[in-house]
Amino acid sequence: VRLDWEIAKRGWRRYASYPWATAAGIFTNTVFGFIQAYILLAVFHHRSHVGSYDAADAVTYVWLAQALIMTVYAFGWTELALRIRDGSIATDLARPLDPQRYWLAFDLGRAPYHFVFRGILPFVVGAVVFRLHYPTPLHLAAFFVSVALGVVVSFGFRFLYNSAAFWLTDIRGVVTVALSVSLFFSGMILPLTFFPGWLHAIALALPFAAIVQAPIDVWLGKHDGLALAGILALQLAWALALLGLGRLTLRLGSRKLVVQGG
Amino acid sequence: VVESVVLWRRLVGAQIRSQLQYRTSFMLDAGGAFLISFIDFLAVLVIFHNTTRLGAWSVQEVALLYALSSISFALADLTVGHFDQFPQKIRDGNFDILLVRPRSTLFQVIGSDFQLRRLGKALQGALVLVYALSALSIPWNAGRVVMFALTVPAAVVIFASVWTVGSCLAFWTTDGGEFTNAFTYGGNFLAQYPIDIFSTWMRRFLAYIVPLAFVCYFPALYILDKPDPLGLPRWLEFSSPVVALLGVGVAGLAWRFAVRHYRSAGG
């Protein structure tokens, strides 16, 4: 655990070394937040509710989603794939710490950095300009747990599509498909509540809803009591399932691994 | 200028030939670009599942805006999209090489990377355009045809100018590239929707100062023969080509100013 902690600190530090990139990212997230907020508000011009969401819920959703974009690393991560492709993975596999645990620890150090420095400021801007929905202390506490679980689910998925590099030399196609599907079905593009019934059902059956939609619904207080525990348990289940699958893929992949060069 | 265009065509031609050598890779990339941009249109359809109008616009009308903006943005991306990687050139000092060659630096940067796969995005926009045009009954006449023909070229130039101005930032901060994204990718996102749903201050800044309203909102009003929900003067509907020319001027000046202040990162 001490080692995990050290790795996590590296994860935090790597991203903390580019303050300008962070500032630029905050600005961009904020601009996108405004555009999206006004698009959704235009829908509420004609009706008071979409599903269980009122206008304040929807706008809160937009700003929380912008806050989570970097935290859950929605735009893709290919570091593992690159290490597989250039053969560095062989060294990683020879280490006493397995790559999955290493990258998970690293990601759990990165995520809090992005949550604090990329997430909070755009949300504050949103809160100043729009009327938002704020959680009760209980829901806020549950939100933090839910975001952490969402990061692990997202990591589990990212680890999986990176593992495709064991079998394919060029995984850009796989990454694009993985990104498109996960962005859309996680609720990053639009709240899943806006989806037509059949599409909503598909989205809820997939693991991606556990990355964005679940934490935000927890913040909005859409789940209480047992249902709240249930949604966290579902996230945990997805996290474990994806990590398990990742472990299996890693084992199959390293058996197949042929490193070029002498 | 003519000589530059000829040279640009040769540079781009060589890059296209090399990219087509790896057919499968190319098809996968182009398909990927198609798919990921398709999600944006899916979002439009999902929004209209919940409402019949967005501002004063129907789904077919928004589809027209979406298509015009996406096609133009994809074509701008094709020619100057690699400006996103431009900060790297500054950081590793490779920009210095361009300074000693006998062509303008802007020209060299534009010609340095042409990714044909980005056409996948334009194809997606073109399909939406076919849908929009067949679903709308546009009262075509000579004026509308001319306007329609001018809209995409003008919009491409506007997007490309915004991209160029944004990229000048790299001369001062090399890891602030994402600032530009707010106006390029963010600009495309904004232009895909009717401007009248946004608040006044946003319209002023993002639609008129960064001239995104001229990308397709004003031309579309004319093509659709639609009264402006904002009640702005009608001559604005004809001004996109002028705005595009102004954009080129501003971009050229900004680039020249930035290059003059360039200090190499190398030792």
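Computed from the coordinates by the stated procedures, all read-outs in this text should not be read as laboratory data. Keep in mind the model is a prediction, meaning the values are calculated, not measured. Positions of Cβ are generated from backbone atoms using ideal geometry, with glycine treated the same way; all protein chains shown enter the neighbour counts.
Using only the alpha-carbon atoms, what does region A:122-168 span along each of its principal axes? Please give whole angstrom values in decreasing order.
49, 25, 10 Å, listed from the longest principal axis down.
Out of A:Ser180, B:Pro211, B:Ser69, whose Cα points farthest toward the positive end of the dipole of the protein assembly as shown (charges: +1 Lys, Arg; -1 Asp, Glu; placed on Cβ)?
Sorting the options by dipole projection puts first A:Ser180.
Treating only the Cβ atoms of Lys and Arg (+1) and Asp and Glu (-1) as charged, compute the dipole magnitude of chain B about its Cα centre; round to the nearest 20 debye.
Details: 20 positive and 15 negative charges, 113 e Å.
For chain B, the charge dipole is close to 540 debye.
Taking only Cα atoms, what is the 0 to 90° angle, nearest 10, from helix B:142-167's long axis to the longest principal axis of chain B?
40 degrees
Across all directions of projection, what mean area in square nanometres is found for the Cα convex hull of region A:23-102?
Reported value for the Cα convex hull: 8.1 nm².
Taking all pairs of distinct Cα atoms, average 1/r, flip it, and tell me the Kirkwood hydrodynamic radius of region B:156-241 in Å to one decimal place.
Details: mean 1/r = 0.0732 Å⁻¹.
It is 13.7 Å.
Suppose a student asked you for the relative contact order of chain B, using Cα pairs under 8 Å spaced at least 6 residues apart; what percent would you report?
Values: 313 pairs, mean separation 71.9, N = 267.
Over chain B, the number comes to 27 percent.
For a Förster distance of 56 Å, can you work out the FRET efficiency between the beta-carbons of B:Asp225 and A:Arg10, rounded to the nearest 0.05?
Working: r = 61 Å, r/R0 = 1.08.
E between B:Asp225 and A:Arg10, to the nearest 0.05, is 0.40.
State the three equivalent ellipsoid semi-axes of region B:1-101, derived from the C-alpha gyration tensor as the square roots of 5 times its eigenvalues, in descending order and whole Å. Working shown, then result.
Working: eigenvalues 266, 62, 46 Å².
Over the Cα atoms of region B:1-101, the ellipsoid semi-axes are 36, 18, 15 Å.
Provide A:Val145, B:Val2 in ascending order of the number of other Cβ atoms located within 10 Å of each residue's Cβ, fewest first. Intermediate values should be presented prior to the final figure.
Values: A:Val145 14, B:Val2 6.
Ordered by Cβ neighbours within 10 Å, fewest first: B:Val2, A:Val145.
Let me have the 222 nm mean residue ellipticity of chain A computed from DSSP H runs of 4+ only, each contributing -39500 (n - 2.57), with the sum over all residues rounded to the nearest 500. Walk me through the intermediate numbers first.
Values: 12 runs with 187 residues, N = 262.
So the calculated ellipticity at 222 nm is -23500 deg cm²/dmol.
Rg/Rh for the protein assembly as shown: what does it come to with C-alpha atoms and Rh from Kirkwood? Walk me through the numbers on the way to the answer.
Working: Rg = 23.9 Å, Rh = 24.7 Å.
Radius of gyration over Kirkwood radius for the protein assembly as shown works out to 0.97.
With N set to the number of residues, divide the alpha-carbon radius of gyration of chain B by 2.2 N^0.38 Å and report two decimals. Intermediate values should be presented prior to the final figure.
Numbers: Rg = 19.3 Å, N = 267, 2.2 N^0.38 = 18.4 Å.
Normalised by 2.2 N^0.38 Å, the Cα Rg of chain B equals 1.05.
What ranking do A:Glu6, B:Glu237 get, fewest neighbouring Cβ atoms within 10 angstrom at the top?
A:Glu6, B:Glu237
Starting with the fewest neighbours, write out A:Asp57, A:Asp92 ranked by other beta-carbon atoms found within 10 Å of each beta-carbon.
On the way: A:Asp57 24, A:Asp92 16.
Arranged by neighbour count, lowest to highest, A:Asp57, A:Asp92 become A:Asp92, A:Asp57.
Quick check for me: using +1 on Lys/Arg Cβ and -1 on Asp/Glu Cβ, what's the dipole size of the protein assembly as shown about its Cα centre, in debye to the nearest 20? Mind showing how you got there, number by number?
Details: 40 positive and 27 negative charges, 225 e Å.
Computed charge dipole of the protein assembly as shown: roughly 1080 debye.
For region B:188-267 and region A:78-111, what is the separation of their C-alpha centers, rounded to whole Å?
A separation of 44 Å, based on Cα centres.
Run the quick spin-label model on B:Trp201 and A:Ile120: label points 7 Å from Cα toward the beta carbon, then report their separation in nm to one decimal.
2.3 nm
Compute the Rg to Rh ratio over region B:154-199 from the alpha carbon atoms, using the Kirkwood formula for Rh, and round to two decimal places. If you can, show how the numbers build up before the last one.
Working: Rg = 12.0 Å, Rh = 11.4 Å.
Result: Rg/Rh = 1.05.
Grab the beta carbon distance between B:Leu20 and B:Arg260, set R0 = 45 Å, and tell me the FRET efficiency rounded to 0.05.
Values: r = 39 Å, r/R0 = 0.86.
Once rounded, the FRET efficiency stands at 0.70.
Output the relative contact order of region B:114-267, whole-number percent, from Cα pairs under 8 angstrom with separation of 6+ residues.
34 percent
What size of dipole, in debye to the nearest 20, comes out for region A:32-161 about its Cα centre when the only charges are +1 on Lys and Arg C-beta atoms and -1 on Asp and Glu C-beta atoms?
Taking the Cα centre of region A:32-161 as origin, the dipole is about 80 debye.
Quick one: if you stick a label point 7 Å off each Cα along the C-beta vector at B:Glu3 and A:Asp54, how many nm between them?
7.0 nm
State the answer as a single residue: which of A:Gly87, A:Ala239, A:Val124 lies farthest towards the positive end of the charge dipole of chain A, with beta carbon charges of +1 for Lys and Arg and -1 for Asp and Glu, about the Cα centre.
Ranked along the dipole, the leading option is A:Gly87.
Measuring from a point 7 Å past the Cα of B:Gln85 along Cα-to-C-beta, which residues in region B:25-39 have an amide N at less than 18 Å?
The answer is B:25-33, whose backbone nitrogens lie closer than 18 Å to the label point.
Which FRET efficiency, nearest 0.05, do B:Ile97 and B:Val250 yield, Cβ-Cβ r, R0 22 Å? Please report the intermediate quantities before stating the final value.
Values: r = 27 Å, r/R0 = 1.21.
E(calc), rounded to 0.05, equals 0.25.
How many nm separate the modelled label positions at B:Asp113 and B:Thr51, each set 7 Å beyond the Cα in the direction of the Cβ?
My value for the distance between the label points is 3.8 nm.
So what are chain A's ellipsoid semi-axes, whole angstrom, largest first, if each one is the square root of 5 times an eigenvalue of the alpha-carbon gyration tensor?
Values: eigenvalues 226, 77, 62 Å².
Semi-axes (√(5λ), whole Å): 34, 20, 18.
Please report the spacing between the Cα centers of region A:129-173 and region A:44-62 in Å, no decimals.
23 Å
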